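Report on the following structure.
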Amino acid sequence: MIMDELKNKRILMFVADLYEDMELLYPKIRLKEAGAHVTVAGEIEGNTYTGKHGHPCNADESFVNIRSNDFDALVIPGGFAPDKLRREKKVLDVTRTFHETGKPIAYICHAGWVPISAGIVKGFKVTSTKAIKDDLVNAGAEWVNEPVVIDRHHITSRNPDDLPHFCNAIIEMMSEVPELERT
């Protein structure tokens, strides 16, 4: 049964090869179930990207076509893809704009690399996989070992085991965000 908690909400997700399959697919499906329109952006529109465990994901849009004001929230899956994504200027610009406008940004596992490279984690309480704990701390974040951490408009989780907490936090925060006027 489709719920409508997120009816008329538009959520952007990033994709690149070697994303953590569950960290992209589970939120994508769960957010759609809640009524959101989810757009997956990759380097090449229509390209099929492959997860660490072999699941394919097609990019609905190219990074270059993305306008952050067309979306209500950003969700960044982990895996090894964030190491590639953080090298894309457009990905960093979009992430930074979401942050500057106070829109929800949710990132899990290794996805913290993107906000680190965008320069937006300083002063935020976050969590992640322990593998990037030092990266987050060195970028000025306060790292804690919890299933989900919500600090202002940032939502973070550690790994696929935390996905139920992660998705519930996104849905809860998004249900409180007023609908954007689209231009």
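What does the helix-only formula give at 222 nm for the chain: each DSSP H stretch with n ≥ 4 adding -39500 (n - 2.57), the total divided by the residues, and the result rounded to the nearest 500 deg cm²/dmol?
Working: 6 runs with 55 residues, N = 183.
Calculated mean residue ellipticity at 222 nm is -8500 deg cm²/dmol.
Between beta-carbons, use under 13 Å as the cut-off and find the net charge around T50, counting Lys and Arg +1, Asp and Glu -1. Let's see the in-between values first.
Working: positive: K52, K84; negative: D17, E20, D21.
So the surrounding residues net to -1.
Need one number: nm distance between label points at T129 and E33, each 7 Å from Cα along Cα→Cβ, rounded to one decimal.
Calculated label separation equals 2.4 nm.
Among 136-145, 28-37, how do they line up from the highest to the lowest mean number of other beta-carbon atoms within 10 Å?
Per-residue mean Cβ counts within 10 Å order the peptides as 28-37, 136-145.
Can you work out the base-10 log of I(q)/I(0) for the chain at q = 0.08, 0.10, 0.15, 0.16 1/Å, using the Debye formula on its C-alpha atoms alone?
Debye output, listed in q order: -0.20, -0.32, -0.77, -0.89.
Per the Kirkwood formula on distinct C-alpha pairs, the Rh of region 25-87 is how many angstrom? Intermediate results must be reported in sequence, preceding the final value.
Working: mean 1/r = 0.0790 Å⁻¹.
After inverting the pairwise mean of 1/r, the radius is 12.7 Å.
If you take every DSSP beta bridge fully contained in the chain, what fraction is antiparallel? Give it as a percent rounded to 5.
On the way: 8 of 27 bridges.
In the chain, approximately 30 percent of DSSP beta bridges are antiparallel ones.
To two decimal places, what compactness ratio does region 1-58 give when its Cα radius of gyration is scaled by 2.2 N^0.38 Å? Can you show the working numbers first?
On the way: Rg = 11.9 Å, N = 58, 2.2 N^0.38 = 10.3 Å.
That ratio works out to 1.15.
Would you please state which residues of region 14-30 a label at E5 would reach in this model, taking the label point 7 Å out along Cα→Cβ and a backbone N cut-off of under 13 Å?
27, 30
Between N65 and N145, how high is the FRET efficiency from 1/(1 + (r/R0)^6) when r is the Cβ-Cβ distance and R₀ = 41 Å? Nearest 0.05.
0.60
For N47, which sequence-distant residues (separation of 5 or more, or a different chain) have an amide H within less than 5 Å of its own amide H, given hydrogens modelled in the peptide plane?
A59
Taking a probe of 1.4 Å, how large is the accessible area per residue of region 1-73, in Å²?
Values: 3460 Å² over 73 residues.
On a per-residue basis, 47 Å².
Would you mind calculating the gained length between I44 and E176 on full extension (0.36 nm times residue separation, minus the Cα-Cα distance), in nm to one decimal?
Working: separation 132, 0.36 × 132 = 47.52 nm, distance 3.25 nm.
Additional length available on full extension: 44.3 nm.
When N is the residue count of region 101-153, what does its C-alpha Rg come to as a fraction of 2.2 N^0.38 Å?
Details: Rg = 9.8 Å, N = 53, 2.2 N^0.38 = 9.9 Å.
Region 101-153 yields a ratio of 0.99.
Below 11 angstrom from the Cβ of V121, what's the summed charge of the other residues (Lys, Arg +1; Asp, Glu -1)? Working shown, then result.
On the way: positive: K122, K125; negative: D135, E142, D151.
Combined, the nearby Lys, Arg, Asp and Glu give -1.
Tell me, what is the per residue accessible area of region 88-176 in Å², probe radius 1.4 Å?
Working: 3770 Å² over 89 residues.
Value returned for region 88-176: 42 Å² of accessible area per residue.
Check every DSSP H run in the chain and write down those whose alpha carbon atoms cover 15 angstrom or more along the long axis and whose mean Kyte-Doolittle hydropathy is 1.6 or greater. Each step should come with its number before you reach the end.
On the way: long enough: 21-33 (18 Å, -0.61); 89-100 (16 Å, -0.74); 163-175 (18 Å, 0.85).
Qualifying helices, which must be both long enough and hydrophobic enough, do not occur.
Compute the length gained on full extension between K122 and V137: take 0.36 nm times their separation in residues and subtract their Cα-Cα distance, giving the result in nm to one decimal. Please report the intermediate quantities before stating the final value.
Details: separation 15, 0.36 × 15 = 5.40 nm, distance 0.85 nm.
Length gained, K122 through V137: 4.6 nm.
Over the heavy atoms of Y49, what accessible area does a 1.4 Å probe trace out, to the nearest 10 Å²?
The accessible area of Y49 comes to roughly 10 Å².
Local charge sum around M174 (other residues, Cβ-Cβ under 9 Å, Lys/Arg +1, Asp/Glu -1)? All intermediate terms of the calculation are to be shown ahead of the outcome.
Working: positive: K9; negative: E5, D72, E172, E176.
Computed value for this residue: -3.
Cα gyration tensor of region 80-183, axes a ≥ b ≥ c as square roots of the eigenvalues: rounded (a/c below 1.5), prolate (a/b > b/c) or oblate?
Values: a/c = 1.64, a/b = 1.15, b/c = 1.43.
Judged from the Cα gyration tensor, region 80-183 comes out oblate (a/c at least 1.5, b/c at or above a/b).
The values are calculated or read from the model by the stated rules, or taken from the named source; none is laboratory data. No experiment lies behind these values; they were computed from the predicted model shown. Neighbour counts are summed over all protein chains in view; Cβ atoms, including those assigned to glycine, are modelled from backbone coordinates with ideal geometry. SASA here: full protein model, heavy atoms, side chains in, ligands and nucleic acids out. Shrake-Rupley method; radii C 1.70, N 1.55, O 1.52, S 1.80 Å.
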